[in-house]
Amino acid sequence: MSALLDIENLVVEYPAEDHRDGPAAVLRGVSIAVQPGECLGIVGGHGAGKTTLGRAVLGQAPVASGSIRFKGRDIVALSHPQRRRLDEKIQAVFRDAHGSLDPAATVEAALTEPLRAEHVPAGAAARRVRELLNQVGLPAGAGQRLPGQLSGDQRQRIAIARALTLSPELIICDDPLSALDPRAGHALLELLMKVQESTGTAYVFFSPDLAAVRRISHRIAFLEQGRITERGEGGRDIPAPRFGCEWRWPEPEPDPIQFAPASHQAARWQQFQQATGRRRRHADSGSGSAGSGASGGGRASGGGAGGNRPGARRTRPPQSRRPDGRSRRRRP
């Protein structure tokens, strides 16, 4: 079987910041092949060249040498109109779904736009939008919402639905789980696998998460400093215990107070009451000494130290009534 995507000795270079130096090579002789309906996982750390490899396939990176063949055709030097026609066969899902969606357009408008570009009738486009929303596990009412009204998981599902709009043969998945929490990431991973089984779309799945790549991929390649350093089998068709890559949710740490035994809670409460009682007794004793100092002529007005302390109790001078009934404070 001929490969759907065949990359041989791909070199991608960017101009160096210092023009006296030569161009900086990001990819150095990368060779991979993707079969129809297959998921090839690319594992690599930050700066390994994963995003650059995906952009090279999408025609968004400067290819210095090598070839990228899609269905036997070299797509490196395509003209802009030829590239536009190829876009319906090669789509992408990026890590930042919020940045790839128009914040002022509803979900329905975002999904309808590619169909309108292909002159699909309005009725057929509306049916396709409902089908896509159902395919990615979203209700039909989600089509009337704006991207900002959706959660991160829902926005990523919309990005997947948009990539599936024109029934592509290949989807570049550029670390689509990085912005999600583990539970939402696992659900999205299962969704991608379900979509691939129902549509037969091939994936190139980029991620630094080896467990996620093993879960979804048929084959794996390890990318390090722009080179493929190792290749291996994925975990989709192999029992997970062989690699020890079962998806394990992180166990939440229990609240030490809420889930503590009753005896421990009672002891903590007793300690709190004792500490509070000590503070109250200390305040009362300070007030009493201040009062005795005031009765012995050590009032603040007389310059005594007892009346100047923060805890000293201050007494108000007696009041009398004016002829008009209003209160009048007597001078000491």
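The values are calculated or read from the model by the stated rules, or taken from the named source; none is laboratory data. Everything numeric here is computed off the predicted structure, so don't read it as measured data. Note that we place each Cβ from the backbone using ideal geometry, even for glycine, and neighbour counts take in every protein chain shown.
Scan (1) closer than 30 Å to ILE75 by Cβ; (2) over 15 Å from the mean Cα position of the chain (by Cα); (3) of a type outside the set (Ser, Thr, Tyr); (4) not in a helix (DSSP H, G or I) for the single condition PRO114 breaks and write down its number.
Going through the list (1) closer than 30 Å to ILE75 by Cβ; (2) over 15 Å from the mean Cα position of the chain (by Cα); (3) of a type outside the set (Ser, Thr, Tyr); (4) not in a helix (DSSP H, G or I), PRO114 breaks only (4).
Please work out if VAL120 is β-branched (Val, Ile, Thr), without any contact (Cβ under 8 Å) to a residue 24 or more places away in the chain and not in a loop (DSSP other than H, G, I, E, B).
So VAL120 fails the test.
Please list, ordered by first then second residue, the pairs with beta carbon atoms under 9 Å, 6 or more apart or interchain, first in segment 138-167 and within 14 Å of PHE94 (Cα to Cα) and touching a residue at least 60 places away in the same chain (Cβ under 8 Å), second part of a loop (DSSP other than H, G, I, E, B) and polar (S, T, N, Q).
Partner pairs satisfying both residue conditions: ALA163/THR201; LEU164/THR201.
Looking for whichever is under 26 Å from GLU233 (Cα atoms), surrounded by 15 or more Cβ atoms within 10 Å (Cβ to Cβ), at pLDDT below 95 and of a type in the set (Gly, Ala, Ser) here; the options are GLY44, GLY59. Which one fits?
Criteria check complete, one pass: GLY44.
Scan segment 65-81 for residues that are of a type in the set (Ser, Thr, Tyr) and either modelled with pLDDT of 95 or more or closer than 17 Å to LEU27 by Cβ (or both) and jot them down.
Selection gives SER65, SER67.
What are the residues in segment 49-78 that are in contact with a strand residue (DSSP E or B) (Cβ under 9 Å, 6 or more places away or on another chain) and more than 29 Å from GLU197 (Cβ to Cβ), if any?
Scanning segment 49-78 gives GLY49, THR52, ALA61, PRO62, VAL63, ALA64, SER65, GLY66, SER67, ASP74, VAL76, ALA77.
Give, as residue ranges, the strands (runs of 3 or more DSSP E) completely inside segment 1-67 that count at least 2 residues that are free of Cβ contacts under 8 Å to residues at least 60 places away in the same chain and touching a Pro at 6+ places or on another chain (Cβ under 8 Å).
Hits in segment 1-67: 5-14.
Confirm whether GLY66 is closer than 24 Å to ASP6 by Cα and under 26 Å from the mean Cα position of the chain (by Cα).
For GLY66, the condition - closer than 24 Å to ASP6 by Cα and under 26 Å from the mean Cα position of the chain (by Cα) - is not met.
Does PHE206 satisfy the condition of being in contact with a strand residue (DSSP E or B) (Cβ under 8 Å, 6 or more places away or on another chain), surrounded by 14 or more Cβ atoms within 10 Å (Cβ to Cβ), modelled with pLDDT of 95 or more and among the aromatic types (Phe, Trp, Tyr)?
For PHE206, the condition - in contact with a strand residue (DSSP E or B) (Cβ under 8 Å, 6 or more places away or on another chain), surrounded by 14 or more Cβ atoms within 10 Å (Cβ to Cβ), modelled with pLDDT of 95 or more and among the aromatic types (Phe, Trp, Tyr) - is met.
Output the residues belonging to segment 46-70 that are in contact with a helix residue (DSSP H, G or I) (Cβ under 9 Å, 6 or more places away or on another chain) and basic (Lys, Arg).
none
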